[in-house]
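Peer 1: Take this structure first; my questions come after.
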Amino acid sequence: MYEVFNRLNTGGINLRPQEIRTSMYHSLFYEMLYRLNGSAEWRKLLRSTEPDLHMKDIEILLRGFAMLVDGENYAPSMVKFLNNFSRQCKSHTEDQNRYLGSLLESFLAACRNLPEDAFLNKRNRRFNIALYEAVFTAACREAFRTKREASGYLSAENIATLESDDQFTKAALEGTTKTSNVEMRLKRASEIIPAL
């Protein structure tokens, strides 16, 4: 107890939500996320060769799955939503985790023909998390519903249309984690991005 107290009170670095979440809800689901986080296709999509020190890339993967699986039940805060989803995933069977992993791999295969900057924010050139999670959810919704892998290829034009859509953009700029804005982003994505 003294060691814990000492570490907490002698100027350590605060952990980010995903770092805390990873330790609290470690599971076979998280093992699958770690494995996929190192895949060449995912690193290419992120435009980053190395895993993020603070696990931001793991959080992006988590957000995509959380929106796909449980997005209709989203309620703020995003931290609480992701914590609850991570807790639920601790009870996944090996088959559930294997399926989700293969679903993501099939989504990444569907991204192969996209330009390298397809998911980069056009203004600041950073990875656009809101765009990624909306596209992933819309593209994989039918495959997830029927428990199959995604098939086909994503269209760069459709992704660009979604990113520049007025309703999507408004919901992605301010109050991004408000329920109405999350719902609007997912709604517009489902209307613009065909299911794979």
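Peer 1: Give the residue, chosen from L82, L68, L45, that is in contact (Cβ under 8 Å) with a residue 24 or more places away in the chain, surrounded by 17 or more Cβ atoms within 10 Å (Cβ to Cβ), closer than 22 Å to E116 by Cα and among the hydrophobic types (A, V, I, L, M, F, W, C).
Peer 2: L45
Peer 1: Pick from the range 13-43 the residues that are charged (D, E, K, R) and in contact with a Lys or Arg (Cβ under 9 Å, 6 or more places away or on another chain): which of them is nearest to N121 (Cα to Cα)?
Peer 2: Filtering the range 13-43 for residues that are charged (D, E, K, R) and in contact with a Lys or Arg (Cβ under 9 Å, 6 or more places away or on another chain), the one nearest to N121 (Cα to Cα) comes out as E41.
Peer 1: Select from the range 149-168 the residues that are among the hydroxyl-bearing types (S, T, Y) and under 14 Å from F119 (Cα atoms) and write down the one among them that is surrounded by the fewest Cβ atoms within 10 Å (Cβ to Cβ).
Peer 2: Checking each candidate, the answer is S164.
Peer 1: Of everything in the range 36-55, what is under 18 Å from A110 (Cα atoms) and under 14 Å from the mean Cα position of the chain (by Cα)? Give them in sequence order.
Peer 2: L36, N37, W42, R43, L45, L46
Peer 1: Scan (1) in contact with a Gly (Cβ under 6 Å, 6 or more places away or on another chain); (2) part of a helix (DSSP H, G or I) for the single condition L196 breaks and write down its number.
Peer 2: (2)
The numbers here are math on the coordinates, done by the rules we state, and not lab data. Given the structure is predicted, the values throughout are model-derived calculations rather than measurements. Cβ atoms come from the backbone with ideal geometry, glycine included; neighbour counts cover every protein chain shown.
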